[in-house]
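Report on one structure; see the data block that follows.
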Amino acid sequence: MYVTKVTNIGDPQIVLYEGKYYQYATFNDGKTLGIYCWVSEDLENWSDKILALDASDHWGYTCFWAPEVVYHNGKFVMTYSARTKAQNSFRIGVAVSECPTGPFIDVHNGPMFDFGYAAIDGSILICEEGNFLYYSRDCCENLIDGYKKSQIYCIRMDETLTNVVGEPKLVSSPDQDYEMKSAELKWKDYPHIWNEGPCVIKRGDKYIMNYSTNFYASLDYAICVSTATNPWGPWVKSKNNPVLSRNEEFFGAGHNAFFTNKDGELMTAFHIQTDPKHPSGDRTTVIAKVKFTEENGDIKQIIE
């Protein structure tokens, strides 16, 4: 397990390409317009940040969050979130580059889609059944039964991975006891509860989703796991949740993404709070190996 020196970030994702690792993340300085990338050969030592997506002239004006990149058909495709100038609301964009460090160019000169509500945390799955985008309908504009809820949706994508196809389907909503802990905060106008930051892989005949729950700067922010037999679900949450929550070493573990290292081992990158006594958007990337086991038909995820 590596606790890196890449700080002031959140929502990290790593791509291995031609022997080098490329890390993309939310950069939390409060003024950067765009997305940064860091480069490493060993997962421990990382370069200075590189501006991969320059958003100084852009449809978004702040909150450039949760970038994820896939290499597809000879190009690098990035999904990311931003707050729009037009609606002052969160939407997901998509940008393409010939090089992993950019420059990434926004495809639509606007959000990839607009279903009339705030959307963040896009993550692409390519599998035998097709191409899919998982994303979070953000709680800020999603009032249900007295709760502001972040919920995870799935929608098909076209072959270019730059357009969505058809209608989205709700696949995950906060409902486990642990996922209700942030409601106790009575944050802002309504209690808030979260399922966000999805990432999905296929292992054998099962689809496995990691997602984050509870308020990101609280003691209860954590990573959870669920499984399904197809990309649409139904998704079954593990009774062993959360997979990774606060302990003596980590505080605020969340918003992870899977990748494979040079040895072909399944890995995950996630963030933790840099200063646990003063939780904020200043977080650090942690990189770890991932294993899955089953106990009485219920999945258990091990991060080491």
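Laid out as a table, the results:
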quantity	calculated
Candidate set: region 24-40, residues that are of a type in the set (V, I, T) and farther than 15 Å from F76 by Cβ; chosen: the one modelled with the lowest pLDDT	T32
Which listed residue is touching a residue at least 40 places away in the same chain (Cβ under 8 Å), farther than 26 Å from Q151 by Cβ, open to solvent by 10 Å² or more (accessible area, probe 1.4 Å) and not aliphatic (A, V, I, L, M), from N240, N261, N230, N296	N261
Residue among N88, N45 that alone is farther than 29 Å from L244 by Cα and not basic (K, R)	N88
Yes/no for C224 being within 21 Å of S81 (Cβ to Cβ), under 15 Å from the mean Cα position of the chain (by Cα) and modelled with pLDDT of 95 or more	yes
Filtered residues of region 40-52 (kept if open to solvent by less than 30 Å² (accessible area, probe 1.4 Å) and either without any contact (Cβ under 8 Å) to a residue 12 or more places away in the chain or part of a strand (DSSP E or B) (or both))	S40, A52
Any hit, region 12-33, residues being in a loop (DSSP other than H, G, I, E, B), open to solvent by less than 40 Å² (accessible area, probe 1.4 Å), farther than 30 Å from E249 by Cβ and touching a strand residue (DSSP E or B) at 6+ places or on another chain (Cβ under 9 Å)	no
Flag if V165 is more than 18 Å from the chain's Cα centre (by Cα) and without any contact (Cβ under 8 Å) to a residue 60 or more places away in the chain	yes
Filter pass, D106 being of a type outside the set (S, T, N, Q) and open to solvent by 20 Å² or more (accessible area, probe 1.4 Å)	yes
Residue within region 285-303 that is at pLDDT 95 or above, touching a Gly at 6+ places or on another chain (Cβ under 6 Å) and either of a type in the set (K, R) or under 22 Å from A66 (Cβ atoms) (or both) present	no
Tally, over region 156-186, of residues that are on the phi > 0 side of the Ramachandran plot, of a type outside the set (G, A, S) and loosely packed, with under 14 Cβ neighbours inside 10 Å	1
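The values are calculated or read from the model by the stated rules, or taken from the named source; none is laboratory data. Values in this document were obtained by computation on a predicted structure and should not be read as measured data. As a convention, Cβ positions derive from the backbone with ideal geometry for all residues, glycine included, and neighbour counts pool all protein chains shown. Heavy atoms of the whole protein, side chains included, go into the accessibility calculation; ligands, DNA and RNA do not. Shrake-Rupley method; radii C 1.70, N 1.55, O 1.52, S 1.80 Å.
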